[in-house]
Structures are given as C-alpha cells and as structure tokens.
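Presented below is the structure to which this report refers.
The values are calculated or read from the model by the stated rules, or taken from the named source; none is laboratory data. Keep in mind the model is a prediction, meaning the values are calculated, not measured. Every residue, glycine as well, gets a Cβ built from its backbone with ideal geometry; the counts of neighbours run over all protein chains shown.
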Amino acid sequence: MTEEQVKKLKVKTVKPKKKLGIRLGVGSLVLLIFCSFLIVIATFLQLDITHFILPSKIFTGEAVTINDFIYTYKYIPQVPVIMFITGLLGRRLGITSILLYIITGLFFIPVFALGGGWRYIFEFGFGYIAGYVIAAFITGSILKKGYSYKNSAKAVLAGVLTIHITGILYMMVLAFFKHMGWNFVGDWIIAQSGIKILYDFIFSYLAVLIAKYVRIILWLYL
C-alpha cells in the first residue's frame, strides 16, 4: 500500500462542539419547578424562633423577670431556601429556578410578599429578590469546588452577604429617588438586615449541608 493510499484511509476525528445552554430531563425539570414553588412557600412561611438571650436590663441594674431572658423572632426563611436550591441544583439550574420565580411574580401570579406585577420592581424589598440571582451565581461557583464544611461556610457567607448588600443598596437608591429620609433608611436596614442576617447565616449553612445529601440521594435515583 502506497503512502498516498494510506493518507486516503485516515479518518479525520472531529470533536463534537459543546452545546451552550441548559439541557433538562423530565426529572430535572420537575425538580426545577418544585424548587421555584419552594421559594413561594418560604415567602409566606413565618417561623417563630424562641431562644434565651441576655437582656440589656442586666447591665442597667433594672429588675428582670424570666420572660426577659426569652426572645421570640418571627423569621421568614427565604434566604436559606435560596441557598438550599443553589446547593441542590447547582449554579445554572439554581439561577434558572430563581428566575422562574421572579418572572412568575412580575408577569403572571402575585407570588411576592406584597403582591406582584412588573411595578413590583419599585418596591423597596425587590432588591433582595434581585440579589437572589447574584447570590446563586456566587454561591454556586464556590460550591463547585466541593461541599466541605469550610467551603460550604464560605459559600453561604458570600451568598447571604450578597443578598443583603444588594437589597440595602437597591433600597437606598429607591429611597433617594422617592425622597425618603435617613430615619426611614435606618429603620428599614435594621428591620430587613439587622438581626435577621445572623439567622440567615445559621439556617443557610444548615440548608446547604442538607442540600448536599439530598443532591446525592436524588442523583442516585433520577
């Protein structure tokens, strides 16, 4: 066989091009829709968290009772649910699930805390909702390196801070254009990102750890 014949017999191998976008199976699609619905549930769910505290009266010398040592906080677990979804679905599917929730609220069904519709973007709290998308990207990117306790804590810290910082900045911009006073801004920050951020850190970390094992179980059976 001549050299020229050998060259003709050689088959050129072409590597398939990677397709951009998200490919969804039936199981993944159902899970994605379920996670979007989970955000809706968290929006209207209120948890009463009761625990012991050290009352400020101890340091001022005032008389205290047993009730002063008990504190109940009404907590809405949206942020931990966002962290759970990101830990479960990963960055791209997590963002897709959150966007499905946002699009539904803006254009179809009033699934936000104060209603819905495209005008909701002018509500002070919409910045936190917009922050979900950014947080899912950052948290998902960090979790791609693994679900170790340290890396999960790092991902949660970055994600929770992103949501609160985005929410506060968005609110401050709206407050500026609506000519709201600094007293309003301060009260809003305390109400939305005061002690709540501590609960968000704790429950979001637990949510990511749970998502790790749920992810393993689901991927075994889907």
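Being of a type in the set (A, V, I, L, M), at pLDDT 90 or above and loosely packed, with under 13 Cβ neighbours inside 10 Å is true for just one of 76, 66, 82, 103. Which residue is that?
Going through 76, 66, 82, 103 in turn, just one is of a type in the set (A, V, I, L, M), at pLDDT 90 or above and loosely packed, with under 13 Cβ neighbours inside 10 Å: 103.
Yes or no: residue 58 surrounded by 14 or more Cβ atoms within 10 Å (Cβ to Cβ), assigned to a helix (DSSP H, G or I) and β-branched (Val, Ile, Thr)?
When the stated conditions are applied, residue 58 does not pass them.
Counting just the residues of region 211-222 that are aliphatic (A, V, I, L, M) and either within 15 Å of residue 34 (Cβ to Cβ) or touching a Lys or Arg at 6+ places or on another chain (Cβ under 6 Å) (or both), which one comes out modelled with the highest pLDDT?
211
Tell me which residues, restricted to region 106-130, are within 13 Å of the chain's Cα centre (by Cα) and either modelled with pLDDT under 95 or crowded, with 20+ Cβ neighbours inside 10 Å (or both).
127, 128, 129 - these are the residues of region 106-130 that are within 13 Å of the chain's Cα centre (by Cα) and either modelled with pLDDT under 95 or crowded, with 20+ Cβ neighbours inside 10 Å (or both).
Out of all the residues in region 131-165, which are among the hydroxyl-bearing types (Ser, Thr, Tyr), surrounded by fewer than 20 Cβ atoms within 10 Å (Cβ to Cβ), under 17 Å from residue 80 (Cβ atoms) and within 15 Å of the chain's Cα centre (by Cα)?
162
Determine which single condition residue 168 fails, assuming it passes every other condition in (1) closer than 19 Å to residue 136 by Cβ; (2) modelled with pLDDT under 90.
It fails just one condition, (2).
Mind checking which residues of region 31-53 are touching a residue at least 60 places away in the same chain (Cβ under 8 Å) and assigned to a helix (DSSP H, G or I)?
31, 32, 33, 35, 36, 39, 40, 43, listed by residue number.
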